[in-house]
Amino acid sequence: MVTLVISEIDKSIGPGDIVGAFINEVGTDSNNIGKIRIDKNSKKAEVEVELASAAKIIETMDGNQIGGVKVNIKAKNPDDLVDKEIMDYYNKFSQLLQLEREEEIDRHKLEIKYLSPSERQAKGRAMLDLRGKDAGTAFGHKPLVKFSSKYSGKKLPETEITTGDLVMISLDKPLHPNNPTGTVAEKTSYSITVAFEKHPPEFIYSKGVRLDLFVNETSFDRMFSALEKVKKPQNKVEERKRDILLAKKGFKNAAKSKFQSNFLNQSQIKAVEHSLAAEDFYLIQGPPGTGKTVTAVELICEAVKNGAEVLAAAQSNTAVDNLLELLVEKELNVIRVGHPIRVNKKLRKHTLDDRVLKHHSYMEAEKLRDEVSDLINKQDSYIYPGGKYRRGLSDQEIKEYAERDIEHHVRGISPRVIDEMASWLELQSKIDKYFKQIERLEKQAVEAVLNKADVICSTNITAGSEILEDFHFDLSVIDEATQATQPAALIPYFKADKSILLGDHKQLPPTVINQKAAGEGLAKSLFEKLSELHGDDALSSLIIQYRMNRKIMGFSSLNFYNDSLRADPSVADADLSDLGINPQSEKCFTEKALKAEFPMVFLDTIDMEAAERSLKASSSYDNPVEAEIVLDILDRAVMLSMDEHHIAVITPYKDQVDLLNQHNNLAEIEIDTVDAFQGREKEMIVFSAVRSNDEANIGFLRDLRRLNVALTRAKRKVIFIGDSSTICEHQSYKNLLTYIKRVGLYYRL
């Protein structure tokens with residue numbers, strides 16, 4: 001039941017009048033009306049009605065008459081009017097997102113605790129040696145403090161900290177519970193202005209203040225805003241796409257258009273055709289090496305050719321840059337929105353910032369900035385009317401006392417101080433007018449640049465920025481869609497009439513640091529959800545892969561993709577001999593493992609004393625014996641003249657990464673976790689499974705998507721090192737061992 005509140009009722013109105021009005025005026029069934037409570041003193045009544053009747057009652061009776069009296073009517077709790085399924089989704093993901101936010105805050109605290117101040121500043125998450133200055137108040141009378149370097153005229157360091165972020169201010173105890181936090185309101189090269197909920201402590205005006213990024217509040221705010229659109233769509237497009245998200249509307253196709261391309265294979269062409277024909281959304285699954293991003297670019301080009309305004313988005317800056325680079329090669333006018341520092345240097349000329357700098361409106365604004373700068377410098381010669389000088393006087397009172405040319409003190413303030421404060425205020429008035437003009441010109445430049453773009457590229461989160469707030473697109477193409485949480489992917493999803501999501505839910509899921517949130521659904525991507533809801537009609541799979549030898553591909557194809565993948569002839573038989581690596585000797589296991597005829601190798605430590613270990617105060621694992629085996633293979637490969645850049649070592653555990661890096665002397669060989677290598681490729685991958693124990697406990701190796709990613713990073717060779725007695729208790733690893741025995745080399749160390 002929904003509780004409706006009727007206000008402005010007359011004392012003569014009783015329950016019968018209300019029931020009669022609802023039945024006669026609205027047509028409500030009497031069975032849909034529940035308890036009625038009337039408070040004649042407050043002239044209000046509360047009425048319980050069924051959800052199905054509530055919206056129509058409000059629409060009909062708000063401003064209408066009951067018992068001859070005009071009344072107002074609304075829901076006591078507006079959320080009660082929202083469908084239960086919608087509210088369940090909204091509440092679930094709001095709670096999970098809040099868990100993730102709180103976890104991130106906790107992690108920042110740990111970094112502050114264990115990194116030195118200079119190390120944290122170098123990472124872009126702290127700013128040192130600042131001093132604060134009163135900067136008036138923001139909207140809602142929130143105090144503003146402007147921080148600049150304590151060394152006059154010095155630029156602030158490069159930083160991740162940006163407008164909207166939550167920051168913590170400290171002097172010498174960065175984790176003190178009473179340190180104030182505020183929100184970054186403005187940032188320039190020389191200052192950063194922070195808004196506080198209440199007046200901050202006096203120490204922030206000292207020299208040597210430290211400012212720490214506390215959590216990326218902007219990202220969470222934008223995701224929460226996207227969830228609000230699930231609950232309360234702002235237009236018909238958002239409502240329709242919300243209903244698709246919750247399976248209230250099904251997948252629809254328009255008439256399929258014929259698409260031709262000299263660049264794409266048949267499965268890619270089919271995916272583009274189905275995407276163009278879909279009315280609201282479509283999914284393209286791109287298994288490893290199948291040219292998912294190339295397909296996305298051809299789809300975008302075709303959409304632009306058909307007159308569509310396109311948003312191209314992805315979860316990571318790297319993925320957005322990959323899209324941008326390929327789109328630029330197609331000679332489209334592409335604008336990259338986002339912080340230029342996070343953009344690949346060779347692509348920065350395509351950023352909004354770079355293009356705006358060259359626009360005539362912005363150049364005009366820069367001239368005004370020079371004039372403002374002169375006024376600000378002049379203003380510095382007068383006394384700033386801060387709290388300790390003004391003694392409660394308003395701006396107007398200061399100006400009036402100065403005009404009267406008084407010769408006596410006012411509230412203990414000398415006439416000279418009053419004159420100087422008035423001069424400061426007069427200059428501030430001029431400065432404010434200049435800044436309004438500058439803001440108008442800069443906005444003109446930004447809108448002009450964006451309006452001329454064929455395609456706008458951004459991360460999922462940046463798609464929800466103020467810059468793009470008023471922009472709506474015909475099409476949003478979301479690459480890396482399986483690596484984004486639903487709240488993140490909903491941002492570009494709701495920005496367009498139609499959305500095409502590209503990804504592969506058989507590879508790694510979105511990164512979620514809070515395990516409870518991950519387990520309860522935050523780690524399930526929008527791509528995966530839509531795939532489950534709408535089935536194969538809404539999805540095309542790419543089947544030709546251009547990365548790896550067919551024997552490397554074969555296991556993943558059989559176990560993850562229903563044996564659908566095919567290797568393009570250009571890579572089907574690729575092996576290390578193509579790079580001049582093919583040892584003839586078989587004196588030791590390293591040479592056998594590196595023989596070109598075996599694209600897949602399993603080195604089994606079952607007969608060795610090769611137990612895993614977990615270091616004190618660590619939840620991760622390492623394996624010193626496996627580490628030695630890995631390093632022996634690397635040394636032999638380099639001795640055989642293999643380029644270090646062609647080799648990578650992948651392991652599921654961070655402690656094993658650290659152990660290998662401590663002992664590896666080959667600087668150009670990358671060693672990292674499975675998660676860090678998604679989307680990457682190398683000629684040869686050496687994989688260390690790490691786990692070796694009597695309980696056959698394989699930890700998160702059970703997440704088979706990690707196995708899929710690890711194996712499919714290699715073009716020509718995979719060397720898998722592990723203890724079969726532990727890992728092959730899991731059927732999929734047993735299948736892997738059987739497969740490698742059939743197509744490659746199995747060797748017991």
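Structure summary
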item: Count of segment 178-187 residues which are open to solvent by 60 Å² or more (accessible area, probe 1.4 Å) and outside any strand (DSSP E or B); result: 1
item: Residue pairs meeting the criteria (Cβ under 6 Å; at least 6 apart or on separate chains; first more than 12 Å from Lys495 (Cα to Cα), in segment 234-252; second of a type outside the set (S, T, N, Q) and open to solvent by 70 Å² or more (accessible area, probe 1.4 Å)); result: Asp243/Lys249; Leu246/Glu85; Ala247/Leu533; Phe251/Asp537; Lys252/Glu279
item: Members of segment 693-716 found to be small (Gly, Ala, Ser) and without any contact (Cβ under 8 Å) to a residue 40 or more places away in the chain, listed by number; result: Ala696
item: Residue pairs meeting the criteria (Cβ under 8 Å; at least 6 apart or on separate chains; first at positive phi, in segment 287-302; second in a helix (DSSP H, G or I)); result: Gly289/Met553; Gly291/Gln268
item: Subset of segment 107-122 that is in a helix (DSSP H, G or I) and out of contact with any strand residue (DSSP E or B) (no Cβ under 8 Å at 6 or more places or on another chain) - its residue that is least open to solvent (accessible area, probe 1.4 Å); result: Glu111
item: Condition met for Thr28 (in a helix (DSSP H, G or I), touching a residue at least 12 places away in the same chain (Cβ under 8 Å), open to solvent by less than 70 Å² (accessible area, probe 1.4 Å) and hydroxyl-bearing (Ser, Thr, Tyr)); result: no
item: Yes/no for Lys258 being open to solvent by 10 Å² or more (accessible area, probe 1.4 Å), of a type in the set (Lys, Arg) and at pLDDT 95 or above; result: no
item: Test: residue in segment 491-499 that is in contact (Cβ under 8 Å) with a residue 60 or more places away in the chain, more than 22 Å from Glu186 (Cα to Cα), in a helix (DSSP H, G or I) and touching a Pro at 6+ places or on another chain (Cβ under 8 Å); result: no
item: Criterion (closer than 26 Å to Lys252 by Cβ and open to solvent by less than 10 Å² (accessible area, probe 1.4 Å)) met by exactly one of Ser541, Ser499, Ser531; result: Ser499
item: Residue satisfying condition, being within 23 Å of Asn322 (Cα to Cα), within 18 Å of the chain's Cα centre (by Cα) and not in a helix (DSSP H, G or I), within set Thr482, Thr511; result: Thr511
item: Lone unmet requirement of (1) farther than 30 Å from Met87 by Cα; (2) surrounded by fewer than 19 Cβ atoms within 10 Å (Cβ to Cβ) for Glu228; result: (1)
item: Among the candidates Asp212, Asp165, Asp134, residue that is open to solvent by 50 Å² or more (accessible area, probe 1.4 Å), among the acidic types (Asp, Glu) and in contact with a strand residue (DSSP E or B) (Cβ under 9 Å, 6 or more places away or on another chain); result: Asp134
item: Filter pass, Val230 being among the β-branched types (Val, Ile, Thr), more than 30 Å from Ser570 (Cα to Cα) and in contact with a Phe, Trp or Tyr (Cβ under 6 Å, 6 or more places away or on another chain); result: yes
item: Any pair with Cβ under 7 angstrom, 6 or more apart, that starts in segment 647-663 at a residue that is under 18 Å from Ala611 (Cβ atoms) and ends at one that is of a type in the set (Val, Ile, Thr) and assigned to a loop (DSSP other than H, G, I, E, B); result: Thr651/Val690; Pro652/Val690; Tyr653/Val690; Gln656/Val690
item: Residues located in segment 617-642, provided they are part of a loop (DSSP other than H, G, I, E, B), farther than 29 Å from Phe700 by Cα and out of contact with any strand residue (DSSP E or B) (no Cβ under 8 Å at 6 or more places or on another chain); result: Leu640, Ser641
item: Tabulated pairs, segment 717-728, first under 14 Å from Lys595 (Cα atoms), second hydroxyl-bearing (Ser, Thr, Tyr) and assigned to a loop (DSSP other than H, G, I, E, B), C-beta under 9 angstrom, 6+ apart or interchain; result: Val718/Thr712
item: Filter pass, Lys654 being surrounded by fewer than 16 Cβ atoms within 10 Å (Cβ to Cβ) and under 21 Å from Phe700 (Cβ atoms); result: no
item: Residue list for segment 313-339, restricted to those being open to solvent by 20 Å² or more (accessible area, probe 1.4 Å), over 22 Å from Gln483 (Cα atoms), in contact with a strand residue (DSSP E or B) (Cβ under 7 Å, 6 or more places away or on another chain) and in contact (Cβ under 8 Å) with a residue 24 or more places away in the chain; result: Leu332
item: Ser381, sole failed condition from (1) of a type in the set (Ser, Thr, Tyr); (2) surrounded by 14 or more Cβ atoms within 10 Å (Cβ to Cβ); (3) not in a helix (DSSP H, G or I); result: (2)
item: Those residues of segment 6-23 which are open to solvent by 40 Å² or more (accessible area, probe 1.4 Å) and either assigned to a helix (DSSP H, G or I) or aliphatic (A, V, I, L, M) (or both), in sequence order; result: Pro15, Gly16, Asp17, Val19, Ile23
item: Tally of residues being open to solvent by less than 10 Å² (accessible area, probe 1.4 Å), more than 25 Å from the chain's Cα centre (by Cα) and not small (Gly, Ala, Ser) across segment 261-312; result: 2
item: Condition broken by Ile647, with the remaining ones in (1) hydrophobic (A, V, I, L, M, F, W, C); (2) open to solvent by 10 Å² or more (accessible area, probe 1.4 Å); (3) under 36 Å from the mean Cα position of the chain (by Cα); (4) closer than 22 Å to Lys592 by Cβ satisfied; result: (2)
item: Residue match in segment 191-203 (condition: open to solvent by 30 Å² or more (accessible area, probe 1.4 Å), in contact with a Leu (Cβ under 6 Å, 6 or more places away or on another chain) and either assigned to a helix (DSSP H, G or I) or of a type in the set (Gly, Ala, Ser) (or both)); result: yes
item: Subset tally (residues that are open to solvent by 40 Å² or more (accessible area, probe 1.4 Å), part of a loop (DSSP other than H, G, I, E, B) and among the basic types (Lys, Arg)) for segment 545-603; result: 1
item: Subset of segment 673-687 [touching a strand residue (DSSP E or B) at 6+ places or on another chain (Cβ under 7 Å), of a type in the set (D, E, K, R) and surrounded by fewer than 20 Cβ atoms within 10 Å (Cβ to Cβ)]; result: Glu681
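The values are calculated or read from the model by the stated rules, or taken from the named source; none is laboratory data. Since this is a predicted model, take the numbers as computed values, not measurements. For neighbour counting, all protein chains shown are included, and Cβ atoms are generated from backbone atoms with ideal geometry for every residue, glycine included. What goes into the accessible areas is simple: the full protein's heavy atoms, side chains included, and nothing from ligands, DNA or RNA. Shrake-Rupley method; radii C 1.70, N 1.55, O 1.52, S 1.80 Å.
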